[in-house]
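Below you'll find the structure, written out as structure tokens, and then a few comments.
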Amino acid sequence: MIRSALMNVMTAAALKAGRGLRRDFGEVENLQVSVKGPGDFVSAADRRAEKILFEELSKARPGYGFVLEETGLVEGPDKSHVWYIDPLDGTTNFLHGLPIFAISIGLQREGQIVAGLVYNPATEAMYVAEKGQGAYLNNRRLRVAARRDMGEALVGCGIPHLGKPGHARFKMELSAVMTRASNLRRLGAAALDLCFVASGAYDGFWERDLKPWDLAAGILIIREAGGFVTDAEGGQEILAKGSVCAGNETIHSQLLALIRSAD
Ligand code: IPD
Ligand code: CA
């Protein structure tokens, strides 16, 4: 486990916001059957979690900037530090009562992600990493899967939802990957998907059109678990381009070649 002051601050904020989300997730099931559904309730839960994270992290590290999913950019006097925060990644899952959602917190220092945390309050899975310190799931050190054969690989992906661009391209990529990989998954919470690569549950993962708050924490968690992660062109502009391709060194390069060949 990582016992730094910074990680204490991040885990305390995530646990506090997570308690609220867990309570609200219990409520969602009751609202499922109403005609209007739990949509407004979930947006309120999302905003409450974001407020707690913002307040707790601002108190502990005054002056750092923020990029928050709901509020957007909040500049701080300290220009070298930025928090990237998704208070509820996997909103659709949460809305439908599926316990696959998470809080994601990434800290960037001088342009580099130096700490990441992804916490699923429903399962109490807490993934953390600090640059140079390794990646952990609760108290267990993480390591990416060792499989090298795409024919044995379980590959996660993101499917663009209705109204999102990239449906045609995704179908080509899907067709390229599904003819080579053993099996595919789409679990619907990108921050957690990245952690599933770090823990070796997935052998690889790719998705496009993501936001920096979906990606910042998970990228570091994968790297600290010994994995490879790039944008969908194989470069390092993951946050700027919003695309990601990940795995161990071998699966990453095979997956990258497959999605690039689908262009
Ligand atoms: C979404 C999830 C999903 C991904 C979407 C994201 P949200 O985040 O990460 O897996 O496919 O592109 O927007 O909206 O649930 O925070
Ligand atoms: Ca998200």
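Assorted remarks:
One line per residue, one yes/no per condition, for (1) away from ligand 1 (no atom under 15 Å from the Cβ); (2) over 30 Å from Arg141 (Cβ atoms):
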| residue | (1), (2) |
| --- | --- |
| Ile2 | yes, no |
| Ala5 | yes, no |
| Leu21 | no, no |
| Asp24 | no, yes |
| Asp46 | no, yes |
| Ala60 | yes, no |
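- For the stretch 29-39, the criterion of being crowded, with 20+ Cβ neighbours inside 10 Å and either at pLDDT below 95 or in the same structural domain as Ala129 (by TED's automatic domain parsing) (or both) is met by at least one residue.
- Yes/no for Val67 being among the β-branched types (Val, Ile, Thr), at pLDDT 95 or above, buried (at least 20 other Cβ atoms within 10 Å of the Cβ) and within 22 Å of the chain's Cα centre (by Cα): yes
- Across the stretch 65-72, not a single residue is classified as among the β-branched types (Val, Ile, Thr), within 26 Å of Ser4 (Cβ to Cβ), part of a strand (DSSP E or B) and in contact with a Lys or Arg (Cβ under 7 Å, 6 or more places away or on another chain).
- Of all residues in the stretch 241-255, those being in contact (Cβ under 8 Å) with a residue 12 or more places away in the chain and either open to solvent by 10 Å² or more (accessible area, probe 1.4 Å) or in a loop (DSSP other than H, G, I, E, B) (or both) number 8.
- Qualifying strands (runs of 3 or more DSSP E) (wholly inside the stretch 158-233; at least 3 residues being open to solvent by less than 10 Å² (accessible area, probe 1.4 Å) and within 16 Å of ligand 1 (Cβ to nearest atom)): 204-207
- The selection criterion, being in contact (Cβ under 8 Å) with a residue 60 or more places away in the chain and more than 16 Å from ligand 2 (Cβ to nearest atom), holds for Val177.
The values are calculated or read from the model by the stated rules, or taken from the named source; none is laboratory data. These numbers were taken from a predicted model, which means no experiment stands behind them. Positions of Cβ are generated from backbone atoms using ideal geometry, with glycine treated the same way; all protein chains shown enter the neighbour counts. To get the accessible areas, we keep the full protein, side chains included, count just its heavy atoms, and leave off ligands, DNA and RNA. Shrake-Rupley method; radii C 1.70, N 1.55, O 1.52, S 1.80 Å.
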